[in-house]
Amino acid sequence: MLPNMRTRRITGLHLTGTSACPISKIPPKYSNDDWDYNNKIKFRITCDQERLAERIVEDSRRVVDDVNDTTRNWQREVEHHLRERASEIRFLCDELNKQKKTALLEDEALTTYRNRILNAIGFLKEKSLNICQRCLVLREGRLAVDLCEDDVDLNLRRELKVIKGCQGLMDKALKETNEQMRKLRAAMYLLDKDLAQKDKSLLIDEKNLKLRDSQHDLGSSDNANQPCLYTLGEWQQKTYLNIESNGKELNSASQLRAYIDLILCQVCEDMQNQTDRTNEAFDRRITEVKHIKKCLENKHNDTMNHIIEVQRNIQLLEAEMSDKNRAHQLCLTRLSNRAARPGLEMTCDEVQQSLYNELDALKASICRLQQKIRENKASLRYLMHVQVMQEEEINIKNNSIKIDEVDCMTLRQCLKYQSF
């Protein structure tokens, strides 16, 4: 409402009271003052509304400019933060990729070391253990007194103990390697998961950087009010925790590889030293047995010579015995013939006495020859028994040499240890 407005002139109605209804009348004629006043009022109202409209338009322009500035400022700030965010995500992606690449190389290295351990375990089981046990079984085939617990047996049993100890170390190293590979791959999985999420987030932010309000199809805004689940500190902490965890596993893997190198080197050194000691014991035993065999063969040759000599001596004694038996028979025949002398001729003359003396001498000689023949035959039997014993011993030594030198040492030639 405008001030000082006279309604009775403007409305053309006569008001009889506050509660009475208006009564229609013939519109009265206005005075010149009323006309002038009405024009002034209308002009004043028009000017006031024009000034008000001008102020509103001006205020609207200022609001539009202010809103545009605010919108542009916020858009610039958002785009700046998007660039910073994208740069930070790229930096973290680069760090994650570096960690992943290092982890992949470490995983390949651990796989190689695992194969080395498996090769060592396979060699110890299929070569070392099998050959050592076969040597022990083969040496059970020695005969008689050669089946003794010598230095070779002691070294073989010691070698068997060393092999089982090395197998225990290798099994433990294999379990630790498998566990470390599992932990490393778990860390790599977290890196891959984090990297995939960051790649997707980077694509989203880069897409947002390219969006402009002048575009017609800006997409859906249904999820615009979805709340964030994590803070920036939690996001950074989770990423750096994954990187730190992967770094720890890389450090553990590097230390484990150094430990495996040390273990493999120690196993090879221990096994090679024990194998060399066992081979030296074999060589010493083979040399000893060959020496004993050579001595037995020499003694066997001497025994054969003695047997031939005794046999020849027995033949000489038997020939001499035959001669003495004929001489004894001759003496008896002479005595028998002289017993036929008649009468007084049966005298004990010198001839008769000589015959008696010859007969006694022949009997004594025959007894002595028979004694020597018995002694030579007994010696011959003993020599032949010794000969058989020597041949048995030579065969036993040949069997021992064959087992140690041919069977066992041939098997042990392939026991060459390296760092696998």
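General remarks:
- Qualifying lysines (Cα of each under 18 Å from Cα of Lys238; at least 8 residues distant if same chain): Lys98, Lys100, Lys183, Lys193, Lys198, Lys200, Lys248
- For the chain, the longest principal axis of the alpha carbon atoms and the long axis of helix 350-401 meet at an angle near 10°.
- Counting only alpha carbon atoms, the long axis of helix 32-123 and the longest principal axis of the chain meet at about 0°.
- FRET efficiency, Lys161 to Glu392 (Cβ-Cβ, R0 25 Å, nearest 0.05): 0.10
- Centre separation in Å (Cα based) which lies between the range 48-94 and the range 167-206: 45 Å
- Ordering Ser252, Thr275, Leu138 by Cα displacement along the dipole of the chain toward the positive end leaves Ser252 in first place; charges were set at the Cβ atoms of Lys, Arg (+1) and Asp, Glu (-1).
- Nearest-20 debye value, the chain charge dipole, Cβ charges on Lys, Arg, Asp, Glu: 1160 debye
- Cβ-Cβ FRET estimate between Asn305 and Leu330, R0 fixed at 41 Å, reported to 0.05: 0.65
- GNM result for the chain, Cα springs below 10 Å: residue of Arg185, Arg381, Arg284 fluctuating most strongly: Arg381
- Per residue accessible area in Å² of the chain, where ligands, DNA and RNA are left out and the probe is 1.4 Å: 68 Å²
- Between the helical axis of 151-210 and the longest alpha-carbon principal axis of the chain there is an angle of about 10 degrees.
- Of all accessible heavy-atom area on the range 240-393, the percent that carbon and sulfur account for (1.4 Å): 54 percent
- For the chain, built as a Gaussian network whose Cα springs stay under 10 Å, the top-fluctuating residue of Asn73, Asn178, Asn399: Asn73
The values are calculated or read from the model by the stated rules, or taken from the named source; none is laboratory data. This one's a predicted model, so the numbers in the text were calculated from it and none came from an experiment. Cβ coordinates were reconstructed from backbone atoms using ideal geometry, including for glycine residues, and neighbour counts include every protein chain displayed. Areas reflect the complete protein model, heavy atoms only, side chains present, ligands, DNA and RNA absent. Shrake-Rupley method; radii C 1.70, N 1.55, O 1.52, S 1.80 Å.
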